[in-house]
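In what follows, a structure is listed as structure tokens, so that the remarks can point back to it.
The values are calculated or read from the model by the stated rules, or taken from the named source; none is laboratory data. None of the values given here were measured: they were computed from a predicted structure. Reconstructed Cβ throughout: ideal geometry from the backbone, glycine too, with neighbour counts over all protein chains shown.
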């Protein structure tokens, strides 16, 4: 009966619902709310600094600016959550360790794993919330944010006129200016780009740009107007001017909201992306079958491998063998094999493009799963770090959090690139960072449980090696 009671007692403590766990939950919640507010604010300010040129001077209403910020908060919060969990755990467990509360709990017979269990339960709740947020909320916000950003970009295209670049946003005209100071333009060139019978090119030493309602007015000074009739090339005219005014009506001067059903991979939930994967996998299998049939037609009495790379190798070997055989002339057959080789090369490129599409959606699916689970893994790192460091201040938590989140983010971005290029599988692309940090977390828990110094075993081995070398 006693062993059963002991097992029940251990399960109760490990469940994270023992009496003292309520105190630990309270210690975790406030640092989490504080850190997510600070991290979100920093990331938001950084984003707005980059996006300020798209907002200022557009004549946007206050409600549109608030909506723009609100929609972009979704992806910022999604990135802030894992880092905030890490900060909260370091601060909470570090503060408790600094005030010897961890020592008191362990002295009363509560194991470190039991002390850690409220943190794990806290991380699990955040993970489940993050899973729901990533799959059900974030895609829709990303979609609406992209549409709004596009609508804002098209509003008042005069602001997109950059010196040294052609601007094609205006209907019927392409505009180039060498220098722009406020509304004043220098060395202006305007081309007509419609399919009219007469093509017009205007050169001006300087000019001015004004907005009048839903129209753009160019006032040009000291220049030339060149007109060429497309049907009759000999009909060419040139006109010099001191002052010339062009008025261009632009429908997008007022912000027009679109409703576009087309979505990118970051604007879809897992179900939508599974459907896309199935579609591209079906197309990929069709191309693979086509390559196989082409090879079977050329080599009717031979076993053809299913892999297109092996088929290409088979054809290359056949061409090499026939080219080296000087006893008979097989130029015609070699020509046919080379034509087949080029065709299969083209089909292989198509196959690779379909595989990249499959991988792209696969990477995004795994990302929606891996990032939420990072919250749980950061608990395994943050709690023992706080206990070992014995400091619960914001500075210490911020330093450790930035370090580990930087490692996590580098692996995440690098894995995403490799996965999208179909170099590695989507699973390993997104979960490698989680797996590495998971084992680091297990090691830190082991060190904190047995109250050892980190890397003490490694340092002892290094010392032994040094002693052996000295002995030799």
Checklist entry - over 29 Å from residue 131 (Cα atoms), modelled with pLDDT of 85 or more and either in the same structural domain as residue 437 (by TED's automatic domain parsing) or outside any helix (DSSP H, G or I) (or both) - does that describe any residue in the stretch 24-45? => result no
Checklist outcome for this item: Picking from 99, 187, the residue that is at pLDDT 85 or above and in contact with a strand residue (DSSP E or B) (Cβ under 6 Å, 6 or more places away or on another chain) would be 187
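Yes or no, residue by residue, for (1) modelled with pLDDT of 90 or more; (2) in a helix (DSSP H, G or I):
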{"position": "428", "(1), (2)": "yes, yes"}
{"position": "431", "(1), (2)": "yes, yes"}
{"position": "434", "(1), (2)": "yes, yes"}
{"position": "437", "(1), (2)": "yes, yes"}
{"position": "446", "(1), (2)": "no, yes"}
{"position": "454", "(1), (2)": "no, no"}
{"position": "460", "(1), (2)": "no, yes"}
{"position": "465", "(1), (2)": "no, yes"}
Checklist entry - Any idea how many residues of the stretch 291-327 are in contact (Cβ under 8 Å) with a residue 40 or more places away in the chain, closer than 11 Å to residue 347 by Cβ and in contact with a helix residue (DSSP H, G or I) (Cβ under 6 Å, 6 or more places away or on another chain)? => result 3
Item to check | Some residue of the stretch 78-86 being assigned by TED's automatic domain parsing to the domain that holds residue 41 and either surrounded by fewer than 19 Cβ atoms within 10 Å (Cβ to Cβ) or without any contact (Cβ under 8 Å) to a residue 40 or more places away in the chain (or both) | outcome: yes
Next on the checklist: Looking at the stretch 109-127, can you tell me whether even one residue there is assigned by TED's automatic domain parsing to the domain that holds residue 74 and under 20 Å from residue 268 (Cα atoms)?
Outcome noted: yes
Item to check | Count of the stretch 298-307 residues which are closer than 15 Å to residue 318 by Cα and surrounded by 10 or more Cβ atoms within 10 Å (Cβ to Cβ) | outcome: 5
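Conditions (1) within 30 Å of residue 266 (Cβ to Cβ); (2) surrounded by 15 or more Cβ atoms within 10 Å (Cβ to Cβ); (3) modelled with pLDDT under 70, marked per residue:
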position	(1), (2), (3)
139	yes, yes, no
177	no, yes, no
181	no, no, no
196	no, no, yes
215	no, no, no
219	no, yes, no
234	no, no, yes
240	no, no, no
248	no, yes, no
Checklist entry - Looking at 418, 406, which is the one that is surrounded by fewer than 14 Cβ atoms within 10 Å (Cβ to Cβ) and without any contact (Cβ under 8 Å) to a residue 24 or more places away in the chain? => result 406
Item to check | Flag for residue 357 being over 39 Å from the mean Cα position of the chain (by Cα), in contact (Cβ under 8 Å) with a residue 40 or more places away in the chain and outside the structural domain of residue 430 (by TED's automatic domain parsing) | outcome: no
